[in-house]
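Everything on this sheet refers to the single structure shown next.
The values are calculated or read from the model by the stated rules, or taken from the named source; none is laboratory data. The shown structure was predicted, so the numbers you read here are calculated from the model rather than taken from an experiment. Cβ placement follows ideal geometry from the backbone for every residue including glycine, while neighbour counts extend to all protein chains displayed.
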Amino acid sequence: MRLTVNGTPREVDPSRAPTLLAALRDQLNLTGSKLGCDHGECGACTVRLDGDLVYACLTLTAACEDARVETVEGLADGNTLHPLQQAFITHDAAQCGYCTPGQLLAAAALLEHNPHPTNDEIRAAMSGNLCRCGTYPKIVTAIRAVADTPADAPADTP
């Protein structure tokens, strides 16, 4: 079956990968999304499916025919990091990094819908993503830096 991943049409075999996460990782070699809990509780596998955040570990590949999928690999523009990626680096928001792909996609979706969220809105939007290292304050700081940055300023400028 066909789906569009990070803007590129791709073919996957749902019989070999029952979940979208398995298709992305095992068939398309897009390993940014992680398998954490395998129950949709941690957010490490978060991707965007037709613009909506979903847990790829719970999403059936067969249900994604002709869908648009965005993974963390699709955030950067070539070698240019997305402003959120740069902010996570600048503000040390990624410690072990396991949750970071899901955190980044959730943050990008938040800022797309609400470019200037409050800290409470940031925390609420990020609540579906667990960080075992406990770097939540740094994640909020990184998102805040991008939200407070004018569109034409570098991402690491608070």
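Against the list (1) hydroxyl-bearing (Ser, Thr, Tyr); (2) surrounded by fewer than 21 Cβ atoms within 10 Å (Cβ to Cβ); (3) closer than 26 Å to CYS133 by Cβ, the condition THR46 fails is (2). Report whether or not ASP92 is outside the structural domain of CYS133 (by TED's automatic domain parsing) and surrounded by fewer than 18 Cβ atoms within 10 Å (Cβ to Cβ). When the stated conditions are applied, ASP92 does not pass them. Do you know which residues across the stretch 13-58 are hydroxyl-bearing (Ser, Thr, Tyr), assigned to a loop (DSSP other than H, G, I, E, B) and in contact (Cβ under 8 Å) with a residue 24 or more places away in the chain? Hit for the stretch 13-58 is SER33, nothing else. Out of GLY97, GLY128, GLY102, which single residue is under 23 Å from GLY51 (Cβ atoms) and either modelled with pLDDT under 95 or of a type in the set (S, T, N, Q) (or both)? From the options GLY97, GLY128, GLY102, the qualifying one is GLY128.
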